[in-house]
Every structure is written in C-alpha cells, then in structure tokens.
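Remarks on the structure that follows.
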Amino acid sequence: MSGGGMGLQPTGNPLIHRVKVPVPYPLQYVNSYLVSGDNGWTVLDPGLHTPEALEVWDEVWARLGSGFRNVERIVLTHHHPDHYGLAGLFQERSGAPVFLSEWGKRQADRMWGEERAQADELWRLFIRHGMERELAAAMLPHLESFVSLVSPRPEIALIRDGETIRLGDGTYTAVETGGHAAGHLSFYRAQTGEMFCGDAVLPNISPNIS
C-alpha cells in the first residue's frame, strides 16, 4: 500500500474494512470504512479529493478485487472536507446515492455552493470582533482553496437523527452527535454494539469544537 501505513486496515470484522485515507493536515489521515453487503459496498466518509487519496483508493479496490461499480451507497458522518470531499466523485463513478444530515447539507451548500455565502460571513464576523484586516485577508483565499478538494459536489439524500439506514446488510440507527460539526451523525447497530463515530471520537486527541 501507499506510504505511511495508509490504505486497507483490519477491523476484526471480516465484513468491515477500515481505509486510512491521507490528508495534508497534522492528523495525516481520515478513517473511511467499507461495509460489505449482498448488493455491494457501503462507503463511509471517503476522504478529501486529492491525488494521494485517489491513489490509496485505487490500491484498495485492486486489493479487494472490486471497484466503484460495486459501491451501493455512500454515507457521510458530516460535511467537513476531509470526510465529504470525494463523495461527489464516488457518486459520479458508481451512480450510488450519498447520504448526509440536513444540517450537513446546509453547511456544505453555504461553504462550497455557487454563492459560498459562509466564507464572506465568517470574514465579516472576525473583522467585527477585532481581527486585523491584514490577517483576515488570508481567510477568503484559504476557504476558497477547499472548493477543488470537494468537487464535484454530490447530490444528497437526507438522513435524520433517529432514522435507520442500511450499511452493508446491517441496520444502523443515525444518532446526532453534535459538537464537532453541525449535524454530525454517528451510526449505531444495537445487535452488535458497533458504532461508526466519524469525528465525534478520535483515538489520541479530543475533537475540535467547530
């Protein structure tokens, strides 16, 4: 697999694979998951749209003897670019639906939609609360730099807190686990006690409160 220990990782459940997808940030990778089902793969949080991430995914598919044609659905815990970024490309290549919370969709639309209203609102908020204009000037190009990392953008099917969703062949309940991101959902399967936590729980640090 690609360097840095990225790519396919065991989970102890033969139907669930963890994929460490590289990101160019201090955490170095994001956890994506592949859940096997009779009708294909469920992909959770495919990662940021970068050449390095796509290289890892190509290697994962080759190792599994599979590919985008076998993706049944794409599920996002939240809208942050390191989780959401590849969803649109995966949807283009597979034709699979992409599921996200309503709050997550709203945030993604405001951050990376055609108007991108949130970037200007954030800039004005920081100016109003005393940030120097020279420092604030870097905010808009920084936020704009994420657009290519989340393009193409997916068509979203909504999943709400308390609803059930099928991941692979298992039925999971969506549980809103806010704090890190508006509308963040974790997915819990009562029969097995398994939960996909997104960024609500991290292994070595506490999640930042966005």
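The values are calculated or read from the model by the stated rules, or taken from the named source; none is laboratory data. Treat the numbers as computed from the prediction; the structure is a model and nothing was measured. Don't worry about glycine lacking a Cβ; one is built from the backbone with ideal geometry, like all the others, and counts go over all protein chains shown. Just so you know, the surface numbers come from the protein's heavy atoms only, side chains and all, with ligands and any DNA or RNA stripped out. Shrake-Rupley method; radii C 1.70, N 1.55, O 1.52, S 1.80 Å.
Sort the chain into rounded, prolate or oblate with this rule: let a ≥ b ≥ c be the square roots of the eigenvalues of the Cα gyration tensor; rounded if a/c is under 1.5, and if a/c is not under 1.5, prolate when a/b is larger than b/c, oblate otherwise. Cα axes put the chain in the prolate bin. Accessible area per residue (1.4 Å probe, heavy atoms of protein chains only) ranks Ser101, Ser145 as Ser145, Ser101, with the largest value leading. Computed from the C-beta positions of Asp169 and Ser206 and an R0 of 30 Å, the FRET efficiency is 0.35 to the nearest 0.05.
In order along the stretch 79-94, phi translates into HN-Hα couplings of 8, 4, x, 6, 10, 8, x, 8, 4, x, 5, 4, 5, 4, 7, 10 Hz, rounded to whole numbers, per the Karplus curve 6.51 cos²θ - 1.76 cosθ + 1.60 with θ = phi - 60° and x for Gly and Pro. Using the 1.4 Å probe convention, the accessible area of the stretch 104-210 works out to 60 Å² per residue with neighbouring protein chains retained.
Cα-based radius of gyration for the stretch 95-165, normalised by 2.2 N^0.38 Å, reads 1.38. Measuring r between the beta carbons of Gln191 and Asp161 and using R0 = 30 Å, the FRET efficiency lands at 0.90.
Only helical runs count toward this figure. For the chain, summing -39,500 (n - 2.57) over DSSP H runs of n ≥ 4 and dividing by all residues gives -7500 deg cm²/dmol at 222 nm.
Could you grab the relative contact order for the chain? Cα pairs under 8 Å, six or more apart, rounded to a whole percent. Walk me through the intermediate numbers first.
Working: 405 pairs, mean separation 36.1, N = 210.
That works out to 17 percent.
Each residue of the stretch 151-167 is assigned a 3J(HN,Hα), and the resulting list reads 9, x, 8, x, 7, 10, 9, 7, 10, 10, 3, x, 6, 9, 9, 8, 10 Hz, derived from the Karplus form 6.51 cos²θ - 1.76 cosθ + 1.60 (θ = phi - 60°), x at Gly and Pro.
If I compute solvent accessible area with a 1.4 Å probe over the protein chains, what percent of it on the chain is carbon and sulfur? Numbers along the way, then the final one.
Numbers: 5450 of 10570 Å².
Carbon and sulfur together cover 52 percent of it.
For the stretch 1-113, the square roots of the Cα gyration tensor eigenvalues, ordered a ≥ b ≥ c, give a/c of at least 1.5 with a/b no greater than b/c, which places it in the oblate category. Accessible surface of Leu140, taken over heavy atoms with a 1.4 Å probe and every protein chain present, rounds to 70 Å². Each Lys and Arg contributes +1 and each Asp and Glu -1, all at the Cβ; summed about the Cα centre of the stretch 121-198, the dipole is approximately 100 debye.
Residues whose amide H lies under 5 Å from that of Thr77, counting only those 5 or more places away or on a different chain, are Asp45; hydrogens are built 1.01 Å from N in the peptide plane. Label sites at Leu54 and Glu134, each approximated as a point 7 angstrom past Cα along Cα to Cβ, lie 3.9 nm apart.
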